[in-house]
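Worksheet: the structure to be examined is printed underneath.
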Amino acid sequence: MQAATHCARRVKCLAMVSTVCGVVACSELTNVPTPDIISPNDITNAVGANQQRAGAIAAFANGLAMQALMTGMLGDEFADRSGTIAADQRRVPLQQTYFDFPYDRLTSARINALAAASKLELYSPTPSWHIAEMFAYAGYVDIMDAEGLCSPLPLADVVNGSPSAVRILSRSELLKSALVDFDSATAHVAQGDSIATLVSVGRARALLDSGDWSGAVGASQGVPSGYAYTPPYDGVHQFNVIFSNVSALDVSVSNLEGGNGLDFVSAQDPRLLIANLGLGAIVPESVYAPTKYSSLASPVVLASAIEASLIRAEVLLPQHGGPGSAWLDTLNALRTDGTFSVSGVDTTYNPGSGNVAGLRLLSDPGSDSGRVTLLFRERAFWLFGYGERLGDMRRLVRQYSRPIESVYPHGPYEGGPGTYGSDVVFRPFGEQGTAGYSGCTNTGP
Amino acid sequence: MNLHFGPCRRFALGGMGAGIAFCFIAPTGRLVAQTTAPLMQLADRGPAFYQASGGRAVTVDVRAITFLQAILAVDLSDTPLADAIDSIASRARVRIIYNSADVPTGRRVTLSASRITLAAALRVLLDDTALDVHIASEGTLSLTRRSVDSVGRTAHVVAVVQGVVTDASTHAPLAQAVVRVEGKGQQSITGQDGSYRIAGLTPGTYALSARRLGYTPLRRTIVLGSDSVYRLDLPLIASPAMLDQVVTTVTGDRSVQELGHMPGIIKVDSVVQTAPVTNLTDIITARVPGVQVNLSSGGLTGASPPITIRGENSLSLSNEPLIYVDGIRQDNSTVGDFQGLSAIGESSGRFNDIVPEDIESIEIVKGPSASALYGTDAANGIIAIRTKRGVAGARRFSVFAEQGLLVLNKSEFPYSYTGWGRLLDGSNATTDQCTLVAVAARACVQDSITHFSPFRDPATTPITNGERGDYGLQLSGGTDTRYFVSGTYQYETGVLKLPTADMRLYAPIVGATGFGNDALHPNALSKYSVRDNVITNVGSIGDVSLLGSYLSSDTRIPLSYGLAGGFWGPGYRDSVNDGWAYGARPAEVFVPRHDEAVQRFDGSVNSNWHPTTWFSGRGIVGVEFSSNSLNALGLPDEAAPGDPGYRVNARTNTTMYTVDLGASAEATPLRFLKARTSIGVQYNRTNELYTGAGANNLTAGCQTVACGTFQNSAESSVESVVAGSYGEEAVSIGDWLFLTGAIRVDGATAFGSEFATAYYPKASASWVISQAPFWPHQNFISLVRLRSAWGESGVQPPAAAGIATINAGPVYADGALTTGVTFGLPGNPALKPERQREFEAGADVSLASSRIDFGFTYYSKRSSDALVSVVLPVSQTGVSTAQLRNVGAIANWGYEGNVSLQIIKSASTSFSVNVNGSINHNQLLTLGSYGAPNYGSYGTPGVVRGFPIFSWFSLPISNVRDANGNGIIEPGEFTQATTYRYVGPSYPQSQFTTTPVLSVLKGTLSLSASFDYRGAFVLENQELGEACALGHCLAAVDRRSSFASQASAVAIQGNQTLSYAGYFQDGSFTKLRELALTYRVPTSWARVFKSRSASVTLSARNVATWTRYTGADPEESSVLGNSSTGPFFDYGALPPPQYWILRFNLGM
């Protein structure tokens, strides 16, 4: 009896201590400081709105540069010298790699831009062009996705400053989404403003992609000569990834890649000056560097008067009902003003509105096919390294009925053993869990 | 004859003399003696019969003791009393134990009776001897001496028991053995001379136990009668079966036989002296079934491989066990990525920081059934390290010196091949790209094939013989306050060197300063460590220990691509690349500096408190701090002409706090039943602070981040806490059935806001059948035990994974630097720990006096709420990220066993063989609603329901046929499946180790070996795949290659990311892991040098390998990160080298 009482007392004591211990386990003991964690609630104010705008700008700039590199890889602008960029062989990895379409960065730019626009409207409405700029970026992301990726794609709405439901959009719907964003931008900016011009060129580009020729030519009007918009690059936080890879001897400008590629090197075109850096890091072929990208801070042009002119020139092609030689005149106006400079015994055409000296006047090839070839060659050289070439190659197939085998690199792969693959677009990654999205059904151009 | 004895009463003696009874009461917990005998003269003449009950001695009614009523025929005439007692014992077939000093030597007795009971016979013989009879057990009696106090009463006052604990076979004294009075608070720890002394015992019957790691505990019953000094020497028998050893658990020290699970125990102090052990990993490797080092530490000095216990449990979290040193949780992080510059295959890490020579033992708790009380984080098992402690006695020195050679067999490295020929494009030019595909396409005509490996050529090889040194001094001694101090220095130069050809090429680049030692030995390690502890007794009720250690190490870690290029070089040596792949020669990574500097400190206070016989308390408070600094510096033009240079400096400071408080209370409510109740609280806090800075494009002449034009920096602070409490009830029935039930309650920082508390229950049973009353006593089967355990434990999610975050950092906008923010991780407020539930059951049997021991365990565990990294829609988050969700389930089940055979056991020679092994099966049960299979990719195993996690899958190649009969497989002459097929697991599923040990000349000379087999897994021979992708493997250029290998080469040339099906190989292997010859200098010789012991060991590690794997070595694995999930492939990693070590041990 005594032993039983003793045991009961002991159990009671231990149970009490255990209870205390249990309470201790769930108490404040487990709370810790989280100095490097910012809550979404922390940015619902003017400072947060402007910081999110800055974040969107950075994401957009880096995404644009990477998009320019990778679309050029899958296209014919750039060649791999590292032995690691599968897209160069037209073999897009099934899973994300570093050298991939920057779907995440551009999407980050888009949803943060739209969220920032929403917060700016609420907490920091002036200057209003900040808001317009954000909508413009969102529109451009839609265009780059439509040009670089297969179809359809998921696109998130941004409601009350936060990403919300996802819509599944075809390429044409994606381009319409871009136009909606451009409309939103226009509502916050005065005509003639730099952002307004950015929106105009973007709208023209979206309409051109959509095959809306008249709409495109309308939108491309009124762009001031010499206009060029680049997101900010400082070479540290936003940097030119093309320069970094070329200078590391991992990437080169292509020349006649896979037979169909343009002669970006051998043409010795004054619009695309080239420096030979020697052999590649892994692939023992020459590395040709585009001198326009001379540092990590070299900007990537997003929109320009040159592009607007090129859009107009395309719409003015006779096969689109353009009058006479208007298309050619538009192209030549970019190349030269028709006068010459004399240096010793040499003469050189003075620059046209494209501001590059030494470009001769073009002549009409005389056929629709020849004109298209010439026009797209002009686009390729004027817009080299701006992330437009893959979209152009797709349009050559889609809108001008060129066979893929006549547009994309093919045959033996120049970067190693094997042959070029058959991919013509990138695929989005990280969408396995997206409700209602079962991947691309159209991986063609 | 009518005898009657009863407690506290005086009884009639029936003419056979007077008796006395004792009654012990314990009003204050201390025993006192009280006599009930009013007539001392009568009372003291005859013996009393009494026995122990509940820790007290009570007189008994001898009529109730059957064996005392045995009828004897006695015929003793003038016989010495001792002989008479022995005669009586013999006739009655009982054991009678007595101290011969207590028996009057001159006394002679006479007794003749045809029918007399044993009790009566003893009464006659012991009349007037002042000896009493204690009934120790059925059939065993002890004679104890009575004394008379100052007032003439019979009094039992304090006695002392003392003796020496020795090794039963060598008779050497054993230090640090614990001699304990069972059921009491008293205990003594032996000093260097093996002596112990326990005082303050009142008369009675006691069970004394002696325990020491590595020996079978010895239990002796002793009957103490008066204030005498009793001597009881305790010879311990070495226990290969480990079953009787004592291990440390959360609730205190326990005998293994009380546990329902079988822990792995490694006696490190003996292993390090006689085995080729270079670091802690070597100690763990192939010594405990179910514990797998994945794989070895590879060839890189300073590498720290992952360890898994009983399979892979988690898809998203580390599968590493927790590491405790003397009860303090330790940083076991692994640095797999050198700040974006991946190191050569293996990872550096903290596990091998711990110096083996400082360790006394390692106990491995394998799974949730055993680790439940360790709580959240413990599901992957526990590696509990107990360091050496101060030993009582005179000051003793132990000195060791070890010198070693590291050898890597260059012929293990595969060749690259090149097909030479003439182009058929009209130029007729010579080409080194004349592959079979090119030949078939009529692009060239092949005229020769060359092969070359830069690893094998003396001028181009980066492989050399490395050196190793390890020196240490240990000091211990003291009395009531004991101390231990250890200091070691270790260095290793690794097997890498700057190749001769590279030195010639890079001499102009490095200029007049020449190559530094860093470049010449690009993988070198130096390590200093100090460890000490002081233990002092606090009266007789406890002890307090202060423990501390400090370590400083510096390791050079070359980057990966410096060696990878040697596996798929061009297949010939030219003057530009010297046989290395273009742009990937060793100097490019050997000349720039990459090193890891580590500083570690730990300190703790450890106390034990036992104020009463039934209550004890424990307390550990400690902190472990580690600082890891990664430094990288490549000067402009140093790695290669035109290289802009780079600088990285990143520091991670990790502080881990441990508070562990516990208490236990024991009770014996019934004579055959003992109960022990334990409670405790544990608090573990981890603070990891990271700061890093880096820059590219360094200004010439400057070596700091500030000089770079492309600077970046980062800082993070991650803090996590697990706080929990537990209660355990352990019951033992008759020392043969042990039942335990427990529960732990945890809260943790990383739980989501919607999840508060985790509960982890456990239960276990151990049934030592051979100790049960019904077990027939016989000699052959010395032990049979059945055991079973069930329990749950967890692994907590990464800190802050439940919290939604915003990313922030500097950006450039509006012409200035500013802060930019973007959406980060969405967080998961429902996040909770992964939960593992395990059941295990097994048996242990010991036969023929422990010459045959074997154990078997079956286990089955299931990870539920497994964290699955669910890829979040990029379209919604804007980041390529995943959210951890508790939706998965993984099963592991398998078998473990060990057999120990003492084949020869004689006075001078012994030969034993120990075999242990394990087989693990793993299966992914579900990924929840996120059921998309992940088939992995080139170099990354997949995760598919129904298969082992982290398995290889491929698109197999089939229908290979040479359609055009040209002897070359071309594109189109085989098909590649479009659906994935399971290939095999990426980590070994089975493991067996055989260890024969031969000892001759009375242990003076011993020879041991260890054969380590790993099987049932698949390796991706990526080095071969890369070579084939570049057209530089044999199958790509030689038409004599099999069609299957040609098809694989063609496929991988077509699409490297998809067509790696042909490069999976059986990774099974057997290694002669250890070989050691030890000579122990005879004690007499050692004394010449004023030493008490001396030995010399010549040993070798990784002596030979048998495998079908065609790469350099199946353990040439590239393991990234601290996850033991791999991937396992051989991308530029080094095979583990051979170690040849000569070691001297000296004890003074």
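Things to note:
- Residue in the range B:982-992 that is more than 30 Å from B:ALA440 (Cβ to Cβ), of a type outside the set (Val, Ile, Thr) and without any contact (Cβ under 8 Å) to a residue 40 or more places away in the chain present: yes
- Here A:ILE168 passes the criteria (1) within 11 Å of another protein chain (Cβ to nearest Cβ); (2) touching a residue at least 40 places away in the same chain (Cβ under 8 Å); (3) among the hydrophobic types (A, V, I, L, M, F, W, C); (4) in contact with a helix residue (DSSP H, G or I) (Cβ under 8 Å, 6 or more places away or on another chain) except the one numbered (4).
- Every residue from the range A:330-349 that is at negative phi and exposed (fewer than 15 other Cβ atoms within 10 Å of the Cβ): A:ASP337, A:THR339, A:PHE340, A:SER341, A:VAL342, A:SER343, A:VAL345, A:ASP346, A:THR347
- Criterion (of a type outside the set (Lys, Arg), within 11 Å of chain A (Cβ to nearest Cβ) and in a strand (DSSP E or B)) met by exactly one of B:ASN628, B:ASN684: B:ASN684
- Pairs are defined by a Cβ separation below 8 Å, a sequence spacing of at least 6 or placement on different chains, a first member in the range B:794-822 that is without any contact (Cβ under 8 Å) to a residue 40 or more places away in the chain and facing another protein chain (nearest Cβ under 7 Å), and a second member that is acidic (Asp, Glu) and buried (at least 18 other Cβ atoms within 10 Å of the Cβ); the pairs so defined are B:TYR812/A:ASP234.
- Residue in the range A:383-393 that is more than 18 Å from the chain's Cα centre (by Cα) and modelled with pLDDT of 95 or more present: no
- Failed item in (1) among the hydrophobic types (A, V, I, L, M, F, W, C); (2) away from chain B (no Cβ under 11 Å); (3) surrounded by fewer than 22 Cβ atoms within 10 Å (Cβ to Cβ); (4) within 20 Å of A:THR443 (Cβ to Cβ), with A:MET144 passing the rest: (3)
- Set A:SER406, A:SER422: member being assigned to a helix (DSSP H, G or I), out of contact with any His (no Cβ under 7 Å at 6 or more places or on another chain) and of a type in the set (Gly, Ala, Ser): A:SER406
- If you go through the range B:257-272 and keep only what is closer than 28 Å to B:LEU473 by Cα, among the hydrophobic types (A, V, I, L, M, F, W, C) and in contact with a strand residue (DSSP E or B) (Cβ under 6 Å, 6 or more places away or on another chain), you end up with B:ILE265, B:ILE266, B:VAL268.
- Sole exception among (1) at positive phi; (2) buried (at least 18 other Cβ atoms within 10 Å of the Cβ) for B:GLY734, by number: (2)
- Filtered residues of the range A:282-295 (kept if out of contact with any Gly (no Cβ under 9 Å at 6 or more places or on another chain), within 14 Å of chain B (Cβ to nearest Cβ) and either more than 15 Å from A:VAL241 (Cβ to Cβ) or not in a loop (DSSP other than H, G, I, E, B) (or both)): A:ALA289
- The residues of the range B:737-766 that are buried (at least 23 other Cβ atoms within 10 Å of the Cβ) and of a type in the set (Phe, Trp, Tyr), listed by number, are B:PHE738, B:PHE751, B:TYR760.
- For the range B:359-377, the set of residues classified as part of a loop (DSSP other than H, G, I, E, B) and either surrounded by fewer than 20 Cβ atoms within 10 Å (Cβ to Cβ) or modelled with pLDDT of 85 or more (or both) consists of B:LYS366 only.
- Qualifying residue in the range A:364-385 (condition: out of contact with any Leu (no Cβ under 9 Å at 6 or more places or on another chain) and under 24 Å from A:ILE195 (Cα atoms)): no
- Matching residues, the range B:948-982, being buried (at least 20 other Cβ atoms within 10 Å of the Cβ), closer than 30 Å to B:ALA866 by Cβ and either among the hydrophobic types (A, V, I, L, M, F, W, C) or touching a Pro at 6+ places or on another chain (Cβ under 7 Å) (or both): B:PRO948, B:ILE949, B:PHE950, B:SER951, B:TRP952, B:PHE953
- Search result, residues across the range B:687-707 that are in a strand (DSSP E or B), of a type in the set (A, V, I, L, M) and in contact with a Pro (Cβ under 9 Å, 6 or more places away or on another chain): B:LEU698
- Identity of the residue in the range A:229-281, small (Gly, Ala, Ser) and more than 13 Å from chain B (Cβ to nearest Cβ), that ends up surrounded by the most Cβ atoms within 10 Å (Cβ to Cβ): A:SER252
- Exactly one residue out of B:ASP425, B:ASP457 is farther than 16 Å from B:ALA1049 by Cα, out of contact with any helix residue (DSSP H, G or I) (no Cβ under 8 Å at 6 or more places or on another chain), within 14 Å of chain A (Cβ to nearest Cβ) and part of a loop (DSSP other than H, G, I, E, B), and it is B:ASP425.
- The residues of the range B:869-894 that are modelled with pLDDT under 80, outside any strand (DSSP E or B) and of a type in the set (Gly, Ala, Ser), listed by number, are B:GLY878, B:SER880.
- The range A:399-445: number of residues that are of a type in the set (Val, Ile, Thr) and within 8 Å of another protein chain (Cβ to nearest Cβ): 2
- Among the residues making up the range B:457-489, those that are within 30 Å of B:ALA1133 (Cα to Cα) and buried (at least 19 other Cβ atoms within 10 Å of the Cβ) are B:THR460, B:THR461, B:PRO462, B:ILE463, B:THR464, B:GLY466, B:ARG468, B:ASP470, B:THR488.
- Selection count, the range B:828-880, where residues are within 14 Å of another protein chain (Cβ to nearest Cβ) and surrounded by fewer than 20 Cβ atoms within 10 Å (Cβ to Cβ): 3
- B:SER725 being in contact (Cβ under 8 Å) with a residue 12 or more places away in the chain, within 23 Å of B:ALA830 (Cα to Cα), surrounded by 20 or more Cβ atoms within 10 Å (Cβ to Cβ) and in contact with a helix residue (DSSP H, G or I) (Cβ under 7 Å, 6 or more places away or on another chain): yes
- Only one of B:ALA121, B:ALA136, B:ALA130 that is modelled with pLDDT of 85 or more and of a type in the set (Gly, Ala, Ser): B:ALA121
- Unique residue being facing chain A (nearest Cβ under 9 Å), out of contact with any His (no Cβ under 8 Å at 6 or more places or on another chain) and part of a loop (DSSP other than H, G, I, E, B) when the list is B:PHE751, B:PHE755, B:PHE710: B:PHE751
- Within the range B:713-748, the set of residues being among the hydrophobic types (A, V, I, L, M, F, W, C) and at the interface with chain A (Cβ under 7 Å from one of its Cβ atoms) comprises B:VAL721, B:ALA723, B:VAL745, B:ALA748.
The values are calculated or read from the model by the stated rules, or taken from the named source; none is laboratory data. Because the structure is predicted, anything quoted here is derived from the model rather than measured. Quick reminder, even Gly has a Cβ in these numbers, built from the backbone with ideal geometry, and neighbours come from all protein chains shown.
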